[in-house]
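First up is the structure itself, then whatever we jot down about it.
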Amino acid sequence: MSTEYDKKDKNPTPAEPESAPETSTEETTDEGPTAPAPAGPRRDIWDRLMHLPLLRIFEPFYRAHKEVLLYLFFGVVTTLVSWGLFWLFDYGLRMHELVANALSWILTVFVAFLTNRVWVFDSPTRTVGAFLLQMLRFYLGRVATLLIEEGILYVFITRLGCPDMWVKIAASVVVVVLNYVFSKWLIFRKRKAPRPDDQGTA
């Protein structure tokens, strides 16, 4: 005699189909999840300073000529640093004036390198080797302009007898311009990012 229990065994209820795994809505590429959209240009301390209410009136001019303005500003700063270090080594530590001048030049150029690298040309490096190479190129550029300045002084003062200070001022202008050109186009030159069409081509 068949019972209700046996009927249930002969006709088992079908199992519910497993639900498909939830798919992520995050877009992916061959290299992984799509990166978020890049943020706007990074604002440094000088951008924030010029955005203050008292200085905001000058902000458009500052943004249009930021690189040159910061270069001139830090040029004044490094000049003051040079004078201060020379006074410290010469008068404070009683060093020979030539030694004091050499030490002040080395340290002043290092200060100029850091300020130009971080704020003027915004040229970070990823490795210690790249940083040292960048610094070496900066020092070589400053040595080159130092020799050019010495040559101008020798020709126009020593050989031609022109007024000392006028020649020194003119030589300083030449050096400032050359230092800017060397820094912008040779030392802290920004490499252009490859275009999408160029990627993957030989």
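No value in this document is a laboratory result; all are computed from the given coordinates. Just so it is clear, the model here is predicted, and its values are computed rather than measured. For neighbour counting, all protein chains shown are included, and Cβ atoms are generated from backbone atoms with ideal geometry for every residue, glycine included.
Summarising the label geometry, the points placed 7 Å from Cα in the beta-carbon direction at THR79 and PHE110 lie 2.4 nm from one another.
For the range 89-189, a simple Cβ point-charge model (Lys and Arg +1, Asp and Glu -1, everything else neutral) yields a dipole of about 380 debye relative to the Cα centre. Residue ranges 44-57, 95-108 sort as 95-108, 44-57 when ordered by packing (mean number of other C-beta atoms within 10 Å per residue, highest first). Computed over all pairs of different Cα atoms, the Kirkwood value for the hydrodynamic radius of the range 43-122 is 14.1 Å. Between ASP47 and VAL128, the contour length at 0.36 nm per residue exceeds the alpha carbon distance by 26.4 nm. Dipole magnitude for the range 43-122: computed about the Cα centre from +1 point charges on Lys and Arg Cβ and -1 point charges on Asp and Glu Cβ, it is near 200 debye. The translational diffusion coefficient of the range 76-192, from Stokes-Einstein at 4 °C and 1.567 mPa s with a Kirkwood hydrodynamic radius over alpha carbon pairs, comes to 83 µm²/s.
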